[in-house]
Amino acid sequence: MSGKPYKIGENATLGRYLVATRDILAGESIIDELPIVTGPICDQLKIIPGEVGSCLVCCVKMFQSTYVCTICGLTLFCSEPCGKDESHLAQECKVIQKLMVRTTLKFPSAKELHNFVLVIRCLLCRVQCESKWSQIQTLESKVNELEKLGAFKEISPLFDLLNWEDFDFDSTESITDLAKHCLGAMITNAFSIFLPSFSRQGLYFLSSYMSHSCRMNTDRQLHPKKDGRMVTRAARLIQAGEPITTSYLACLSGTHERWVETTTGWRFTCRCDRCTNSEHEVGTHVSTIRCPRCGELSLCPSVKISGEDGLNWACVGQNKSCNYGIVQLNYADTTDETFPWKIVQYMENMKPKDVNNLDEVEAWLDKYCDKCDDKDRLIHKDHCLFIQVKLYLLQCYGRNLEGGITSLDNVRLVRKLNYCEDVLKIVDILFKGLYEMRGVILFEMWLSLREIRQRQENCQLASYTDENNQFVDTSDAKLSKISHDSVEILKYSFPDSQEALMLEIMQNYYSQ
């Protein structure tokens with residue numbers, strides 16, 4: 001179909017947003033654009049032990065700086081080719097070189113260094129590309145709200161050092177105010193990709209108009225190469241007049257986490273059908289915890305549909321006489337010592353700090369989830385804390401070993417399949433459609449079943465049964481169905497991406 005399938009609408013609830021002007025079919029490309037600026041992202045919550053930041057050019061995560069730019073002195077480069085790359089030399093290098101000459105430039109952390117470089121790249125658009133700068137100026141930056149939250153506290157002294165002479169540009173505009181607008185625009189609008197060895201964010205003009213939903217109707221892909229191209233596709237049928245939505249948050253996070261992030265980070269309350277659902281988050285239990293009154297795994301949060309903003313925690317278990325409930329008005333509203341969120345905080349604090357130590361991660365899952373009786377479990381076995389870790393592990397198993405999945409021992413191979421089933425059960429409720437995450441899980445499940453069948457045929461593994469003692473189907477029909485569903489999703493992947501490699505593995509297997 002030709003022509004743009006959307007227009008920019010505006011209302012009091014969503015502000016400016018994209019709305020479909022006709023029916024958009026699942027898999028159809030909606031937006032395909034390059035970023036205004038792109039660069040590494042440093043999320044303090046996602047840093048692993050020993051990590052010093054991400055390369056300023058290729059964005060690969062680094063555990064030591066291997067190259068120092070001989071011109072500006074910046075150290076966050078993974079290699080000499082990156083340190084001498086034109087994308088660095090033509091952008092922030094010259095500006096920072098001049099700053100180094102006339103000031104003492106010190107960065108409080110890798111996060112502030114990354115942000116400072118991205119701001120310089122934005123400000124250079126003012127000098128080098130008027131069209132890009134015009135786009136940056138029109139983006140929402142929420143500077144006043146971010147100022148109150150202290151978002152600029154660490155980096156403001158660095159902004160104060162800037163002047164237009166460093167950019168070889170003559171202007172009377174306040175460069176400090178513009179720098180804050182640029183960073184605010186990045187915080188408010190940037191799209192990010194986090195992988196075990198790689199993280200990048202980019203500022204995209206059209207994509208920034210997509211409104212948020214925790215059950216978004218699109219799926220987006222960021223190209224792993226340096227240009228940062230992003231394609232947004234319909235993950236299901238989007239009907240004419242329907243808002244085109246994406247998720248600003250981690251898709252498998254719980255209602256409380258999403259509520260905190262949207263209200264404190266983006267300054268709005270999401271009232272999608274997932275956030276307002278009081279029946280264990282559409283039956284997934286990804287937010288369900290133990291009720292402090294009746295003791296059942298039956299307490300779940302939901303956002304108030306109307307009226308004063310707040311989060312309702314209510315018991316919706318089998319014990320109809322239990323009417324426990326509490327309303328949380330804001331993130332800091334935790335004065336009650338029995339406040340339910342403390343349970344999740346406790347579980348979060350018990351998670352292993354080193355996610356690369358798979359033995360420790362597995363031991364944590366065994367202790368609190370897989371080998372823990374329901375009566376002793378503090379949070380539901382399908383709680384997002386467990387599901388997120390299982391998603392991580394099912395992708396780790398086999399990838400970081402020479403020989404791939406064939407190098408997995410039988411115990412971890414069976415774990416991999418179990419975790420695929422556990423996560424897919426949740427994903428199929430929340431995101432049944434052409435979502436890349438679903439395609440990846442289906443591939444990992446197909447790979448696991450294929451390997452289990454191979455070992456059974458070679459008498460290396462006894463006939464495998466699931467938790468209900470039912471024999472697991474490893475028939476050609478079962479594997480073919482899973483592969484077909486995965487291929488239908490991953491066929492939209494970027495060439496040279498990890499997902500494209502998965503697609504190739506399945507296609508080659510059935511072409512033999």
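Results, tabulated for the structure shown:
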quantity: Residue within region 135-151 that is closer than 23 Å to Gly53 by Cα and either of a type in the set (Phe, Trp, Tyr) or surrounded by 15 or more Cβ atoms within 10 Å (Cβ to Cβ) (or both) present; calculated: yes
quantity: Filter result for Leu183 (crowded, with 20+ Cβ neighbours inside 10 Å, touching a residue at least 40 places away in the same chain (Cβ under 8 Å), assigned by TED's automatic domain parsing to the domain that holds Arg126 and over 23 Å from the mean Cα position of the chain (by Cα)); calculated: no
quantity: Subset tally (residues that are in contact with a Lys or Arg (Cβ under 8 Å, 6 or more places away or on another chain), touching a residue at least 12 places away in the same chain (Cβ under 8 Å) and closer than 20 Å to Ala185 by Cα) for region 10-30; calculated: 1
quantity: Residue list for region 280-298, filter: of a type in the set (D, E, K, R), assigned to a loop (DSSP other than H, G, I, E, B) and at pLDDT 90 or above; calculated: Glu296
quantity: Residues satisfying the stated conditions in region 218-275, i.e. more than 20 Å from Asp32 (Cβ to Cβ), part of a loop (DSSP other than H, G, I, E, B) and either polar (S, T, N, Q) or in contact with a Lys or Arg (Cβ under 7 Å, 6 or more places away or on another chain) (or both); calculated: Gln239, Ala240, Leu249, Ser253, Arg267, Thr269, Cys270, Cys272, Asp273, Arg274, Cys275
quantity: Matching entry among Glu154, Glu140 (being touching a helix residue (DSSP H, G or I) at 6+ places or on another chain (Cβ under 7 Å), under 20 Å from Ser208 (Cβ atoms), touching a residue at least 24 places away in the same chain (Cβ under 8 Å) and not in a helix (DSSP H, G or I)); calculated: Glu140
quantity: Of all residues making up region 176-203, the number that are outside any strand (DSSP E or B) and either farther than 22 Å from Arg102 by Cα or in contact with a helix residue (DSSP H, G or I) (Cβ under 6 Å, 6 or more places away or on another chain) (or both); calculated: 15
quantity: The lone exception for Met100 - which of (1) at pLDDT 90 or above; (2) loosely packed, with under 15 Cβ neighbours inside 10 Å; (3) under 20 Å from Trp164 (Cβ atoms); (4) not charged (D, E, K, R) it fails; calculated: (1)
quantity: Sole exception among (1) surrounded by fewer than 15 Cβ atoms within 10 Å (Cβ to Cβ); (2) at positive phi for His285, by number; calculated: (1)
quantity: Test for Glu154: is it at pLDDT below 95, in contact with an Asp or Glu (Cβ under 9 Å, 6 or more places away or on another chain) and surrounded by fewer than 18 Cβ atoms within 10 Å (Cβ to Cβ); calculated: yes
quantity: Among the candidates Ser141, Ser213, residue that is at pLDDT 90 or above, closer than 24 Å to Cys59 by Cβ, outside the structural domain of Leu434 (by TED's automatic domain parsing) and polar (S, T, N, Q); calculated: Ser141
quantity: Candidate set from region 100-111 (those that are of a type in the set (A, V, I, L, M, F, W, C) and over 34 Å from the mean Cα position of the chain (by Cα)); member that is farthest from Cys82 (Cα to Cα); calculated: Val101
quantity: Tabulated pairs, region 248-274, first surrounded by 16 or more Cβ atoms within 10 Å (Cβ to Cβ), second of a type in the set (Phe, Trp, Tyr) and assigned to a loop (DSSP other than H, G, I, E, B), C-beta under 6 angstrom, 6+ apart or interchain; calculated: Val260/Tyr331; Thr262/Phe268
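The values are calculated or read from the model by the stated rules, or taken from the named source; none is laboratory data. Note that the structure is a prediction, hence the values are computed from the model and not measured. Counting neighbours? That spans all protein chains shown, and the Cβs are built from the backbone with ideal geometry, glycine included.
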